[in-house]
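The values are calculated or read from the model by the stated rules, or taken from the named source; none is laboratory data. As the structure is a prediction and not an experimental result, all values here were calculated from the model. Because the Cβ atoms are built from the backbone with ideal geometry, glycine has one as well, and the counts that use them run over all protein chains shown.
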Amino acid sequence: MLIQRPDQVPSREMPLGTCSCGAVYACDVTGHNLGSAMIEALVHACTGDWDLVCCGHSHRAEARQVADVKGGSTWLVNPGTVAALAAPATWVLGDLESMRFDIQRL
């Protein structure tokens, strides 16, 4: 099955969109939105509509579950910084079947 190009969602802040596979993205290509993309990811995680939300920006690697408004939880995964900016260089290896996430150092 081919995945279609994501549809853009109107936004004043940054590119947002949805994919035919069900994924949603928020991308701050300038780096000047002071965490707005990370906040967008956290908001999506709290809706209860997603099993996993990935984000970046904080340069702090973490994989944690956040409570959602439907009484469940969603995984919020931040791979950290591959470039070692203000923190060790890290990335995340995820097993989507078991929903296990391992933070790896480069």
Note on region 97-106: residues touching a residue at least 12 places away in the same chain (Cβ under 8 Å) and either part of a loop (DSSP other than H, G, I, E, B) or of a type in the set (A, V, I, L, M, F, W, C) (or both) are MET99, PHE101, ILE103, LEU106
Expected output for region 36-50 (first residue at pLDDT 75 or above and among the hydrophobic types (A, V, I, L, M, F, W, C), partner surrounded by 15 or more Cβ atoms within 10 Å (Cβ to Cβ) and in a helix (DSSP H, G or I), Cβ below 8 Å, 6+ apart or cross-chain) is TRP50/HIS44
